[in-house]
Amino acid sequence: MASIELSAKLPSKHKISFVDLKTQQQALRLKLDIAIAKVLDHGLYILGPEVAELEATLAQFCGVKHVISCANGTDALILGLMAQGCLTQQDAIFVPTFTFSATAEAIVLSGGTPVFIDVLPDTFNMDPASLEQGIQLTKKLGYKPRGIIPVDLFGQPANYQMIETLARKNQLWVMADGAQSFGASYKGKRVGNIGKLATTSFFPVKPLGCYGDGGAVFTNDDEISQIIKSLRVHGQGTHKYDNVRIGLNSRLDTLQAAILLEKLKIFEKEIKQRNDIATRYNNGLKDVVRVPCIMEDTNSVWAQYTIRLPSFIQRTQIVDELHKLGIPTMIYYVTPLHLQTAYRHYPRASESGLVVSEQLSQEVLSLPMHPYLDPDQQDYIIHAIKELCQI
Ligand SMILES: *Cc1c(COP(=O)(O)O)cnc(C)c1O
């Protein structure tokens, strides 16, 4: 592939960011300064009033009864697992292999065994057929299937209808890893109100991000909510120094809650902008690459816009060429978890490999995606990919 001479020129206004947090900050700066100053004035840095206010606002936003904020999205998964009782290595928890490592890491840290499941080639989310295969196989291997952690990859909710049917049939719980999908919806329900529990992350580049680490657990179950509130403060009982269980130190800082409250006010608008950008990409790119597929009755928050390159294309070359043209890209994910050093000894749904995930890891490419990408920048990206992917 020869270096290309682009007919369109890079819009000079500003350089293209993979995720642009600066423009959003400029728009909110005054309000953020006031919100931060308020916390500095009252000085309640841990579990201050903004934390409770954020939890109530998030609960209302997604229509769930309880929101328990915590230190990060990985802890949210760990807290959700701990709240459902102790796990042993005989306890099998099913996770997609095509995800960020934290989903499986939380299971191992909680004492259980992750079982890796393949994903669907069009949505990149957990494949119910592979899940069924995984459940049967782990039973044969002598494990006790306990729960499923579907991941809403790149912002699109997984196929919960089929997953929950399998869960009921096998008496498993479902905890949704919504680290990438907060704000999305599935069959009229918002992420947070799907599954027995759901979790999310407020890591800065997630669709709703703070200025540091943060996370939350969502549930309609009163008892689980009480347990998680105790777990995030070292397993605290009714008094501060009364410990009724082993817990963690995992709270969301008051400052981060104050920041999130301001960001939440523009979140709906940003979700709409992300969807408009995805539509523009889809229309511009659908004839040259495989564009993302969103299921019926499902809305994505487009944490990532991820295409699949045609097999005759050398991905490393495309990445280099785009980089030279000032277009940043990322590969989510280069190696599925079942092939990684830390995870390859855990069970997987099929001994012959998780072929869809293995193939996707070779073909995927994530493009710049954030609410402040302007149409000129987008057209330039579309144009560059079209020229690079022509036969
Ligand atoms: C980001 C992410 C996490 C972890 O969130 P942190 O806040 O970084 O701990 C977990 N699962 C998925 C799918 C993620 O994308």
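Listed here are the pairs 65/229; 324/386; 65/269; 15/324; 139/187; 38/265; which of them are more than 21 Å apart at the Cα? Cα-Cα > 21 Å for 65/269; 139/187; rest within. Just need log10 I(q)/I(0) for segment 43-192 at q = 0.10, 0.16, 0.21 Å⁻¹, Debye formula, equal scatterers on the alpha-carbon atoms, no solvent, rounded to two decimals. Computed log10 I(q)/I(0) values: -0.36, -0.88, -1.39. Taking a ≥ b ≥ c as the square roots of the eigenvalues of the Cα gyration tensor, an a/c ratio of 1.5 or more together with a/b no larger than b/c marks segment 46-129 as oblate.
Among DSSP beta bridges lying fully in the chain, give the percent that are antiparallel, nearest 5. Can you show the working numbers first?
Details: 24 of 40 bridges.
Restricted to the chain, the bridges split so that about 60 percent are antiparallel.
Taking all Cα-Cα distances within the chain, those exceeding 34 Å account for 31%. Radius of gyration over Kirkwood radius for segment 279-380, both on Cα atoms: the Rg/Rh ratio is 1.01. Counting charges near residue 116 (Lys, Arg +1; Asp, Glu -1) among other residues having Cβ under 10 Å from its Cβ returns a value of +1.
Rounded to two decimals, what is Rg over Rh for segment 148-240 when you use alpha-carbon atoms and the Kirkwood radius?
Numbers: Rg = 14.4 Å, Rh = 14.1 Å.
Expressed as Rg/Rh, it is 1.02.
Membrane-span-like helices in the chain: DSSP H runs reaching 24 Å or more (Cα, own axis), mean Kyte hydropathy at least -1.0? For the chain, where a helix must reach 24 Å along its axis and average at least -1.0, the hits are 22-42.
Quick one: which of 258-266, 151-159, 288-296 comes out on top by average Cβ neighbours within 10 Å, and what's the full order, highest first?
Values: 258-266: 19.3, 151-159: 27.1, 288-296: 16.8.
The packing order, highest mean first, is 151-159, 258-266, 288-296.
Rounded, prolate or oblate: which fits segment 136-295, taking a ≥ b ≥ c as square roots of the Cα gyration tensor eigenvalues, rounded meaning a/c under 1.5, else prolate when a/b beats b/c? It would help to have the intermediate numbers written out before the result.
Details: a/c = 2.55, a/b = 1.23, b/c = 2.07.
Cα axes put segment 136-295 in the oblate bin.
What residue among 236, 317, 26 shows peak mean-square fluctuation when the chain is described by a Gaussian network model with Cα springs under 10 Å? Per the Cα network of the chain with a 10 Å cutoff, 26 tops the list.
Each reported figure results from applying straightforward, stated rules to the coordinates on display, with no laboratory input. These numbers come from a predicted model, not from an experiment. We place every Cβ from the backbone using ideal geometry, glycine too, and count neighbours over all the protein chains shown.
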